[in-house]
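Enquirer: Okay, here's the structure, questions in a sec.
Every number in this text was worked out from the coordinates using simple rules, so none of it is lab data. Just so it is clear, the structure is predicted and the values come from calculations on it, not from any experiment. Positions of Cβ are generated from backbone atoms using ideal geometry, with glycine treated the same way; all protein chains shown enter the neighbour counts.
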Amino acid sequence: MKALPLEPSTNPVAIGSRIRAARQDQRLTIEQVADATGLTKGFLSRVERDLTSPSVASLVTLCQVLSISIGELFAVPETHLSRKGEGPRISLGGEGIVERLLTSRSERRLQILAATIEPYGRGETELYAVDCDVDVLHIISGELTLRMTQESYDLTAGDTLSFPGREPHSWENRSAQPVEALWILVPAASGSGGN
C-alpha cells in the first residue's frame, strides 16, 4: 500500500495565546516566568504573541513552569455549533411550546434550551422541579409569567430570572404574542433534562 505524500503545512502553529492564558491562570508575570525558566522577558513576550517559536527544550521548560502538558498547547478545542432552529427537539411537557437543545447532548456542565412558546401556551398545571442546581430563564422576546411556590414573576424581553433548579415552578404565556426564551440549567439536568 502506497502512502499519500502529504505536503507539510506551512501555517505556523499559534500557541502563544495558550501559553499566555496558562501563565495568567497561574497568576505569574512574564518576569516570574523568565526567572523560573532562564528565558528572557523579550523572548517570552514574542512567544506569547506568536512572533517567534520556542525550541522544544524551551517549550518543555515553559510547560513545566506553567504546570501544563505540551499536548494542551496543540489540542483542538472541543466545540459544538447549533444553528437557529436546528437543535434536537425536547418534549418536556406543557402546551404550545417547542424546546430545542442548543448545547451538545454530551455536555454535562450546563444545558441551554431555546423555547418558542405560542400565545397562551402554558406549562404543567402542577408545579414541577428540575434536577439541576441553578435554573436561569432569559426572555428574548414576548412576555412570560413564571409561577413558583410563594411568588409569581411577570417577565418581559431582556429579563433574566435565576432560581434553584429544584424549586417547584411552572410558566404561562398570558398574551396573544409568542415568546422566545432560553432556559439555562447548571449543571445539565439528569436524563434529557429541562423545563
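Enquirer: How big is the chain by Rg and Dmax over its Cα atoms, in Å?
Expert: 24.6, 72
Enquirer: Using alpha-carbon positions, what is the distance between the centroids of segment 65-93 and segment 26-52, in Å?
Expert: Between the Cα centre of segment 65-93 and that of segment 26-52, the gap is 29 Å.
Enquirer: Tell me what the chain gives for mean residue ellipticity at 222 nm when only DSSP H runs of n ≥ 4 count, each as -39,500 (n - 2.57), the sum divided by the residue total, rounded to 500 deg cm²/dmol.
Expert: -6000 deg cm²/dmol
Enquirer: For the chain, take the longest principal axis of its alpha carbons; what is the angle in degrees between that and the long axis of helix 16-25, to the nearest 10 within 0 to 90?
Expert: Compared with the principal axis, the helix lies near 70 degrees.
Enquirer: Does segment 93-183 classify as rounded, prolate or oblate by the C-alpha gyration tensor (a ≥ b ≥ c root eigenvalues; a/c under 1.5 gives rounded; else a/b over b/c gives prolate, otherwise oblate)?
Expert: Because a/c hits 1.5 or more and a/b fails to exceed b/c, segment 93-183 counts as oblate.
Enquirer: What shape does segment 17-75 take by its C-alpha gyration tensor, where a ≥ b ≥ c are the square roots of the eigenvalues and a/c under 1.5 counts as rounded, a/b above b/c as prolate, and the rest as oblate?
Expert: rounded
Enquirer: If each residue of separation counts as 0.36 nm, what is the full-extension length gain between Gln32 and Gln177 once their alpha-carbon separation is subtracted?
Expert: Using 0.36 nm per residue and subtracting the Cα-Cα distance, I get 46.3 nm.
Enquirer: Using +1 at the C-beta of Lys and Arg and -1 at the C-beta of Asp and Glu, which of Val56, Ile68, Asn173 has the Cα lying farthest in the positive direction of the dipole of the chain?
Expert: After comparing all options, I get Val56.
Enquirer: Between Ser91 and Asp154, how high is the FRET efficiency from 1/(1 + (r/R0)^6) when r is the Cβ-Cβ distance and R₀ = 25 Å? Nearest 0.05.
Expert: The formula returns an efficiency of 0.45 here.
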